[in-house]
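Here's the structure, in structure tokens; my notes come after.
The values are calculated or read from the model by the stated rules, or taken from the named source; none is laboratory data. The structure displayed is predicted, hence computed values, not measured ones. Neighbour counts are summed over all protein chains in view; Cβ atoms, including those assigned to glycine, are modelled from backbone coordinates with ideal geometry. Quick note on the areas: whole protein, heavy atoms, side chains included, nothing else; ligands and nucleic acids left out. Shrake-Rupley method; radii C 1.70, N 1.55, O 1.52, S 1.80 Å.
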Amino acid sequence: MTVRDASFAQVFAQFMRDTGRWRDCEPDALLARWSGFVESCIRGYKGDAEDYFNDLTARDGLERAMRESALAHFPELDDLRRAVLEIDEEFRRILRTDAFPRAPMDEWWNRGIVSYAGARLVEELSQTYGINIDLV
């Protein structure tokens, strides 16, 4: 099978696996992971810092895919990009920007932190990073 014969989902999933992602490699699964993470943040993220930063990798993967030239010719990439931007808009509403200023400027989701969360994340951010956010 050549790239020309492959479906968007197949090429996307292979690209994700090639970048080291081992789960949620298909476009719908990765988009659902990002959406679910953002929804949990809106409700007040209940996990700890390790879980939070691990969950952010869904957005990292989506960004890499949206910039990947091997995917650029698929019209489905435009649909994915629109869906990601809609979810991003929701996430930005609850994000405290520039909490981690050493992260690259174009990775705004990694530079910021949610404004509020459950006790575990609130406590760990304060103890480990000296960042204070509101408790839900």
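Quick notes
- Verdict on Asp51 being out of contact with any Ser or Thr (no Cβ under 6 Å at 6 or more places or on another chain), closer than 15 Å to Asn110 by Cα and at pLDDT 95 or above: yes
- Ser126 passes every criterion in (1) surrounded by 14 or more Cβ atoms within 10 Å (Cβ to Cβ); (2) assigned to a helix (DSSP H, G or I); (3) free of Cβ contacts under 8 Å to residues at least 60 places away in the same chain apart from (1).
- Filter result (touching a strand residue (DSSP E or B) at 6+ places or on another chain (Cβ under 6 Å) and open to solvent by 80 Å² or more (accessible area, probe 1.4 Å)) within segment 72-102: Arg96
- Condition check for Gly61: assigned to a loop (DSSP other than H, G, I, E, B), touching a helix residue (DSSP H, G or I) at 6+ places or on another chain (Cβ under 8 Å), of a type outside the set (A, V, I, L, M, F, W, C) and surrounded by 17 or more Cβ atoms within 10 Å (Cβ to Cβ): no
- Note on segment 103-121: residues that are open to solvent by 30 Å² or more (accessible area, probe 1.4 Å), in contact with a strand residue (DSSP E or B) (Cβ under 8 Å, 6 or more places away or on another chain) and either among the charged types (D, E, K, R) or more than 19 Å from Trp34 (Cβ to Cβ) (or both) amount to 2.
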